[in-house]
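For reference, the structure discussed in these notes is given below.
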Amino acid sequence: MTDIRNIVILTGAGISAESGLATFRGPDGLWEGHRVEDVCTPEALARNPTLVHRFYDERRAKLAEVAANPAHEALAALDHAWPGDLLIVTQNVDDLHERAGASRLLHMHGELKSALCAACGKAVAWADPLPPGSVCTGCGAPSLRPDIVFFGEMPYDMERIEEALAQADLFVSIGTSGAVYPAAGFVQMARHYGARTLEFNLDPSAGSSYFEESRLGPASKLVPELVRDLLG
């Protein structure tokens with residue numbers, strides 16, 4: 001690892017599963033008992049805003065019952081100590097990376113503890129229930145919605161992510177399915193620019209064949225080992 005300077009790390013639901021948060025889509029295709037199409041699309045929000053708002057209220061409340069685990073803590077330690085460029089890109093909407101202390105971090109799919117105004121685009125920190133019709137403090141419109149990137153919407157900060165991948169010496173994917181784009185394509189982009197690629201997962205992902213190396217096991221074990229290797 002002595003030739004590594006710039007690192008991009010992608011984290012998915014698997015890193016937070018060990019903290020007790022349900023992965024995005026279970027073996028039955030449901031997320032917390034709901035079809036993804038009913039709670040994570042613009043059409044679902046338009047069709048049944050009460051259900052969608054309540055669903056994310058419940059997910060937000062669940063955060064109070066869980067804590068960051070050793071994988072989050074190891075990445076936060078790397079963030080604090082790494083002298084080169086580092087970007088942690090998470091597909092997760094929880095705040096466990098922040099609670100562990102990470103700051104070089106992007107939430108590409110939005111955040112549970114944020115509300116977005118559908119009228120003016122202003123995002124504000126939000127920790128309480130968010131009923132339909134909540135008023136935006138920026139423009140006054142009763143248009144606040146969960147600040148979640150629904151299927152069919154563009155993930156956040158893609159330009160910055162792509163710039164980081166172009167400069168990366170190492171790309172690491174942790175606890176992702178490898179099936180949701182554009183994140184599933186990051187490994188191919190990183191390899192195109194010459195980065196080493198490494199995957200951590202409990203089981204092989206849909207994109208495992210694109211990685212130079214895949215290590216199977218719990219993130220709470222594998223990630224601290226990687227950080228120790230990187231920091232020497």
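Only the coordinates and a few stated rules stand behind these numbers; no lab work does. Computed from a predicted model, the values in this text were never measured in an experiment. Neighbour counts run over all protein chains shown; Cβ positions are idealised from the backbone, glycine included.
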Self-check item: Whether the range 148-219 is rounded, prolate or oblate, judged on the alpha carbon gyration tensor where a/c under 1.5 counts as rounded
Solution: oblate
Exercise. Distance between Cα centroids, the range 138-155 to the range 67-94: provide it in whole Å.
Key: 26 Å
Quiz item: What relative contact order, as a whole-number percentage, does the range 13-104 give when Cα pairs under 8 Å and 6 or more residues apart are counted?
Solution: 28 percent
Quiz prompt | the range 1-126 - Rg (one decimal) and Dmax (whole number), Cα, Å | solution = 16.2, 53
Quiz item: Using mean Cβ contacts within 10 Å as the protection proxy, how do 131-143, 166-178 order, highest first?
Solution: 166-178, 131-143
Practice problem: Please list, or write none, the lysines whose alpha carbon is within less than 20 Å of the alpha carbon of residue 62, excluding same-chain residues fewer than 8 places away. | Solution: 113
Quiz prompt | Crossing angle, helix 219-231 versus the chain [Cα axis fit, 0-90 degrees, rounded to tens] | solution = 50 degrees
Exercise. Would you tally the net charge around residue 47, using a Cβ to Cβ cut-off of less than 11 Å, leaving residue 47 out, and scoring K and R as +1, D and E as -1?
Key: -3
Quiz prompt | Principal-axis tilt of helix 49-62 within the chain, Cα atoms, nearest 10 degrees | solution = 50 degrees
Quiz item: Using Cα pairs under 8 angstrom and six or more residues apart, how large is the relative contact order of the chain, in percent?
Solution: 24 percent
Quiz item: In a shell of Cβ-Cβ distance under 13 Å around residue 198, excluding residue 198 itself, what net charge do Lys and Arg (+1) and Asp and Glu (-1) give?
Solution: -3
Quiz prompt | Proximal aspartates and glutamates to residue 122, defined as alpha-carbon separation beneath 17 angstrom and excluding residues fewer than eight positions away on the same chain | solution = 111, 147, 153, 157
Practice problem: Report the net charge of residues surrounding residue 111, where surrounding means a beta-carbon distance below 10 angstrom and charges are Lys +1, Arg +1, Asp -1, Glu -1. | Solution: -2
Self-check item: Virtual spin-label span in nm between residue 54 and residue 113, 7 Å along Cα→Cβ
Solution: 2.6 nm
Quiz item: Cross-link partners among aspartates and glutamates for residue 221, C-alpha distance below 17 Å, same-chain residues fewer than 8 apart left out?
Solution: 18, 73, 199, 203, 213, 229
Practice problem: When a/c is below 1.5 the answer is rounded, else prolate if a/b is larger than b/c, else oblate, so apply that to the range 126-183 with a ≥ b ≥ c taken from the square roots of the Cα gyration tensor eigenvalues. | Solution: prolate
Quiz item: Per residue and in Å³, how big is the convex hull formed by the alpha-carbon atoms of the range 71-212?
Solution: 128 Å³
Practice problem: Report, to the nearest 10°, how far helix 158-167 tilts away from the longest principal axis of the Cα atoms in the chain, using its own Cα long axis and a range of 0 to 90°. | Solution: 0 degrees
Quiz item: So what's the Cα pair-distance distribution over the range 59-128, bin width 5 Å, in %?
Solution: 3, 16, 23, 24, 16, 10, 6, 2, 0
